[in-house]
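One structure is given below, encoded as structure tokens.
No value in this document is a laboratory result; all are computed from the given coordinates. As the structure is a prediction and not an experimental result, all values here were calculated from the model. As a convention, Cβ positions derive from the backbone with ideal geometry for all residues, glycine included, and neighbour counts pool all protein chains shown.
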Amino acid sequence: MPEESQKPEWTPPQAGQEFASRVMKGIEASHDGLARGTGLGGGQIQPDPPLIRRRQLGLDDYVQGVLAGDRTILGRAITLVESNAPAHMELAQEVLKQLLPHTGRSIRVGITGVPGVGKSTFIEALGTYLCEQGHRLAVLAVDPSSSVSRGSILGDKTRMERLSREPKAFIRPSPSGGTLGGVTRKSRETMLVCEAAGFDVILVETVGVGQSETTVRSMVDFFLLLMLAGAGDELQGIKRGIIELADALVVNKADGENKVRAQAARAEYARALRFLSSATEGWHVQAFTCSALTGEGIAEIWAVIEAFRETTAASGVFAARRQAQILDWMQAMIEEHLKTLFFNHPGVKSIRPQIEQAVLAGSMPATVAVQMLLEKFEGDRELTQDEPTTHHQE
Ligand code: GDP
């Protein structure tokens, strides 16, 4: 193709060039529901040079670029992984397959809490601290609402400004995926790509509402719940179930006049924790205070996370959880895929409205309706499977 031959060859990054660029260079438009340049993912700090943006990358370009820690290619590899286009998905899976042996060597930390609790301030404080300690940090978000709200977490460029200028940090807003399953698949795979690129700490932020906490818990090693003093559990939307997912509770904003109240809240949570079961076998969940604003308590929380890693690695719980997570993930993907197949099946789609009407009118029991839809789905699939033979004979 003439168009192809005009494209410049990709050359691997030179020594010392790794991580030289700033945040998010090279990410294509609107993968996260944001217009180019409006979010952290939009490359607002340095727009792509047009040549780089046009250049098509092949499998080796992606794999070698990510492994070399080339940020531009890393951003594009993530965009590829996030894409829903069938052609991209095939290449993305091939890229992931080749990157897989280089993944898994990070600590994955999930952070949740209601809006306003201080998640991004906390991530900025912890992230900056970790970079100072020599770590390389990738910050991802899981927010199934982002396609509607145009990236409600990590999407606002005013957030984490300090961290976004940090060369050792890489910030990626939530992918827009529609369903939680879609967002999770993308975030999990993005996490693997980041690990292959050499990031040794992955922070996954999620909004403190709904099912996304359970989902994020299922993809991280350590899960941290940020809380506020004196807001009341009801107000914070904290259910016992969510506390039971956490490996640490942290009462944030323990500064100024709020410090005493934060400490009292911490003591209260510490008492409550005695009656709850731990999310991680052999790990004693504790409550802490910190101030994401002043940085007080941040280093201590990191020390807790490191102690967690040591304890669970020694007991085998760390590795066992990761293994279980892979199987859970597989199962979730099968379920998601089957659901999509079923609901997009032309036969099912054509009879579903009438069947639903019949159920609503009371003329058909719901169980019979389900049976009919499933039979339609399975029957038509059998027919489709026979089809190739017929075509062959023609
Ligand atoms: P998020 O919605 O959970 O990400 O919360 P943000 O990080 O955006 O913080 C919400 C507000 O709380 C902002 O105005 C922050 O400046 C403030 N905030 C966050 N952490 C602290 C803290 O430790 N102390 C105080 N006093 N304010 C904080």
Worksheet item: What FRET efficiency, computed as 1/(1 + (r/R0)^6) with R0 = 22 Å and r the Cβ-Cβ distance, is obtained for Met372 and Ile334, rounded to the nearest 0.05?
Response: 0.40
Discussion item. For a test of understanding, tell me how many lysine pairs in the stretch 103-315 have Cα atoms under 25 Å apart, given they are 8 or more places apart or on different chains.
Written reply: 12
Worksheet entry | Segments 266-272, 285-291, 191-197 sorted - mean Cβ within 10 Å per residue, highest first | 191-197, 285-291, 266-272
Fill in: Protection proxy ranking, peptides 351-361, 107-117, average beta carbon neighbours within 10 Å, highest first
107-117, 351-361
Worksheet entry | Sequence ranges 67-77, 314-324, ranked by mean other-Cβ count within 10 angstrom, highest first | 67-77, 314-324
